[in-house]
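The values are calculated or read from the model by the stated rules, or taken from the named source; none is laboratory data. Please read these numbers as outputs of a predicted model, since none were measured by experiment. So basically every Cβ, Gly included, is an ideal-geometry build from the backbone, and we count neighbours across all protein chains shown. Remember, those area values only see protein heavy atoms, side chains included, never the ligands or the DNA or RNA. Shrake-Rupley method; radii C 1.70, N 1.55, O 1.52, S 1.80 Å.
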Amino acid sequence: MTTDLQAARPKPSRSGAEIAADIAWAVGSALRATIAEQHQKWAAERVDAVRRKRESDNKLQEIRAAAVHEEAKTPLVHRDPLDHHPVGFARLIETLNEDLDAAHAHDPAARNRFEVALAYPGVHALWVHRIAHRMWQHPLLRIPARLLSQFSRFLTGIEIHPGAVIGRRLFIDHGMGVVIGETTKIGDDCLLFHGSTLGGTKMSRGKRHPTLGNRVMVGAGAKVLGPITLGDDVQVGANAVVVHSVPAGQIAVGVPAKNRTPRAGLGAATRPQDAALVEYFI
């Protein structure tokens with residue numbers, strides 16, 4: 001009888017504070033588990049991104065080493081990678097992949113090639129130029145080539161004349177305000193920052209724009225003017241105005257620019273790590 005009465009007796013109700021504490025504990029446990037899982041996912045993605053970045057850097061270094069080896073055997077000849085070749089699918093894809101690798105290797109903010117292909121105006125302007133330059137080779141297509149280049153300028157803020165000859169693996173960082181004139185010639189593995197100009201100093205026809213060798217870096221806001229030549233591995237400081245030729249391996253700074261020999265450790269071998277010195281401060 002006593003047992004029946006105890007079973008029928010109502011259990012004491014729990015207070016609202018106790019129920020709230022239990023709910024808070026359950027929610028907190030679930031959040032902690034979710035956060036821990038997300039952190040593990042982010043860490044794995046970061047490790048994978050670093051691995052792919054290193055692989056891309058190593059690949060680009062191998063390409064550059066092979067290019068330097070070829071340069072030692074043959075004189076420098078400026079040409080667009082699609083010039084004098086049939087516009088085959090394989091050749092086109094190879095060139096586009098090189099442009100993506102160059103952008104990915106030069107910009108630490110680039111997380112993957114897909115992001116570069118979608119969000120980098122410098123790459124977009126270069127790709128459109130490669131098409132416009134090919135069209136420029138045919139006299140009947142010169143007006144459409146100019147219209148295409150102007151459309152690219154409208155979209156990207158980068159003006160490249162379709163007559164300009166641009167080598168392999170050029171990277172235009174940030175891009176806005178870059179101007180490349182008609183008779184400009186650019187070698188391989190060059191780097192241009194925003195606001196830089198490769199322009200002329202006279203209005204007559206003929207060669208009136210600069211020629212850049214291989215691995216040349218032009219800093220933000222720099223102006224390289226006239227039919228001058230910048231040798232291989234030249235670095236032009238930010239906002240410099242270059243009106244005379246610069247020998248290979250030199251740094252040009254100032255208005256008008258003066259040449260100086262780079263300090264030990266600031267040569268082409270460490271150029272990507274010291275890009276900020278040229279881009280903004282020199």
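When the stretch 177-235 is filtered for residues that are closer than 21 Å to L60 by Cα, of a type in the set (A, V, I, L, M) and outside any strand (DSSP E or B), the ones remaining, listed by number, are V216, V234.
When the stretch 163-194 is filtered for residues that are in contact with an Asp or Glu (Cβ under 8 Å, 6 or more places away or on another chain) and either of a type in the set (S, T, N, Q) or open to solvent by less than 10 Å² (accessible area, probe 1.4 Å) (or both), the ones remaining, listed by number, are A164, I166, G167, R169, L170, F171, V178, I180, G187, L191, L192, F193. Just one residue in the set L155, L118, L147 is free of Cβ contacts under 8 Å to residues at least 12 places away in the same chain, over 25 Å from V241 (Cβ atoms) and more than 14 Å from the chain's Cα centre (by Cα); that residue is L147. Listed by position, the helices (runs of 4 or more DSSP H) contained in the stretch 106-159 that have at least 3 residues being modelled with pLDDT of 90 or more are 121-136, 142-156.
Determine which member of the set A110, A132 is crowded, with 21+ Cβ neighbours inside 10 Å and without any contact (Cβ under 8 Å) to a residue 40 or more places away in the chain. When all the criteria are applied, what remains is A132.
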